[in-house]
1. Answer yes or no as to whether ILE134 is of a type in the set (Val, Ile, Thr), touching a residue at least 12 places away in the same chain (Cβ under 8 Å) and either over 15 Å from VAL27 (Cβ atoms) or surrounded by fewer than 20 Cβ atoms within 10 Å (Cβ to Cβ) (or both).
2. If you take the residues in region 54-84 that are small (Gly, Ala, Ser) and surrounded by 20 or more Cβ atoms within 10 Å (Cβ to Cβ), which one is nearest to the chain's Cα centre (by Cα)?
3. Any residue in region 110-126 that is assigned by TED's automatic domain parsing to the domain that holds TYR153 sitting within a Cβ distance under 7 Å of a residue that is at pLDDT 90 or above and aromatic (Phe, Trp, Tyr)? List the pairs, counting only those 6 or more apart or interchain.
4. State whether the residues of region 7-27 include one that is acidic (Asp, Glu) and at pLDDT 90 or above.
5. Please list, ordered by first then second residue, the pairs with beta carbon atoms under 9 Å, 6 or more apart or interchain, first in region 78-105 and under 20 Å from SER38 (Cβ atoms), second surrounded by fewer than 20 Cβ atoms within 10 Å (Cβ to Cβ) and among the basic types (Lys, Arg).
6. Only one of (1) buried (at least 18 other Cβ atoms within 10 Å of the Cβ); (2) modelled with pLDDT of 90 or more is not met by GLN147, so which one is it?
7. Can you tell me which residue is farthest from LEU100 (Cα to Cα) among those in region 29-84 that are charged (D, E, K, R) and not in a helix (DSSP H, G or I)?
8. Show the residue pairs meeting these rules: Cβ distance below 6 Å; 6+ apart or different chains; first residue within region 28-49 and free of Cβ contacts under 8 Å to residues at least 12 places away in the same chain; second residue among the aromatic types (Phe, Trp, Tyr) and not in a helix (DSSP H, G or I).
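The values are calculated or read from the model by the stated rules, or taken from the named source; none is laboratory data. Values in this document were obtained by computation on a predicted structure and should not be read as measured data. Cβ coordinates were reconstructed from backbone atoms using ideal geometry, including for glycine residues, and neighbour counts include every protein chain displayed.
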Amino acid sequence: MKTGVKTALLVLAIGAAAAADSVVADVEHRLFWEGAQSANAYLRANKGIAMAAFNRHTAGCEPKALELAVQLRRAGRGDVALAHGEALRAAAALCPARLLGAVPLSEIALFCRTSDAWGPAQAARELRRQIASIDADPVLRATPHGQACRAAYVHELETTRVVVRRVDPAGSRAAR
């Protein structure tokens, strides 16, 4: 590949990365000056390209994106609120301490749950993994936010669409 072509590709890649990074700053600016409805409208525009970029930042645990997504989810309706919620649930799995620090205790159960798109087996695996992750983190385990998140995961595992089968010591399956 010639040097000119390499340089052009590098410039395009840097420009695309800068544009993706600027979405958080754009959302913050719109939220501050124009309000949550305007910020959500901006994210929804252009077939959701900005929303997808913003949600990547949120799911990637960027502190400012997490803070903004929590605010925008409260103000959003329909598909916008769902998109923010999914990104925040992904962040809860990746960086629970960071997300839980940005969420009021009363809203913990909204984010400490599995994706609606997952089947029961995948949801059960993820719930068990998340519960074990909280149990393994002494700081998270000791905080009210961490305890509430663990309780939400346990509740979903034991009482919702996830089927839990228990095996008795004799080896026969117990009733569901």
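1. When the stated conditions are applied, ILE134 passes them.
2. The extreme case among them is ALA59.
3. CYS112/TYR153
4. Here is the first cut: in region 7-27, the ones acidic (Asp, Glu) are 21, 26.
When the remaining residues are screened for being at pLDDT 90 or above, the result is 26.
Within region 7-27, one or more residues are acidic (Asp, Glu) and at pLDDT 90 or above.
5. ASP79/ARG44; VAL80/ARG44; ALA81/ARG74; ALA83/ARG44; HIS84/ARG74; ALA87/ARG56
6. Among (1) buried (at least 18 other Cβ atoms within 10 Å of the Cβ); (2) modelled with pLDDT of 90 or more, the lone unmet condition for GLN147 is (1).
7. ARG77
8. So the pair list comes out empty.
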